[in-house]
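Taken together, the values in this text are just the output of simple stated rules run on the coordinates, not laboratory data. Fair warning: this is a prediction, and the values are worked out from it, not measured in the lab. For neighbour counting, all protein chains shown are included, and Cβ atoms are generated from backbone atoms with ideal geometry for every residue, glycine included.
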Amino acid sequence: MTRLIYVLVLVLCISTSFTLYILSYDSKNIKKEIIQIRNTIEAEKSDIETLHAELSLLSQPDRIQNLSNQFGLDLEPVEVTQIKRIEDIPLKPANKVMDELIQRSLIGYTDE
């Protein structure tokens, strides 16, 4: 009976040590993944900051005015009356082929 208990305790110790080894290995892998993700996030933040700096440089009014003068665009400031809502933009009319396809798909083919 004591031998059985010793064998069970030995098997329990071996299985516990094996489980702890697997958990340790997994936690090291997860830690490496977290470090990689943090590095990727930092790189993306750096890229975003660079893009914001480039956007602010490219959208400077003086630069735009110089380009407008250089290419003869005659740009004028935007007036308040020019600003519209998205609902005010008219829908682009579909072409005749698309109209026919829609009509056929909705009510069936009719030869007019």
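Within segment 35-107, report the GluC sites (Glu not before Pro) that DSSP leaves as loop and that have at most 12 other Cβ atoms within 10 Å.
Loop-located and lightly packed - Glu79.
Over the chain, the ratio between the Cα radius of gyration and 2.2 N^0.38 Å evaluates to 2.63. What angle do you read, to the nearest 10 degrees and between 0 and 90, between the alpha-carbon axis of helix 61-71 and the longest principal axis of the chain? Between helix and principal axis, roughly 50 degrees.
Under a model in which nothing but the beta-carbon of Lys, Arg (+1) and Asp, Glu (-1) is charged, the chain shows a dipole of about 1180 debye around its Cα centre.
The helix-based estimate of mean residue ellipticity at 222 nm for the chain, built from -39,500 (n - 2.57) per DSSP H run of four or more residues and divided by its residue count, is -25500 deg cm²/dmol to the nearest 500. Using alpha carbons only, how many degrees (0 to 90, rounded to 10) separate the axis of helix 96-107 from the longest principal axis of the chain? Here the helix axis deviates by roughly 60 degrees.
Within the same chain, aspartates and glutamates fewer than 8 places from Lys96 are excluded, and of the rest, those with a Cα less than 19 Å from its Cα are Asp111, Glu112. Compared with the dominant Cα axis of the chain, that is its longest principal axis, helix 2-58 is turned about 20°. In plain terms, the chain is cut at each of the trypsin sites (Lys or Arg not before Pro) found in a DSSP loop with at most 14 other Cβ atoms within 10 Å, and the longest leftover piece is 1-83.
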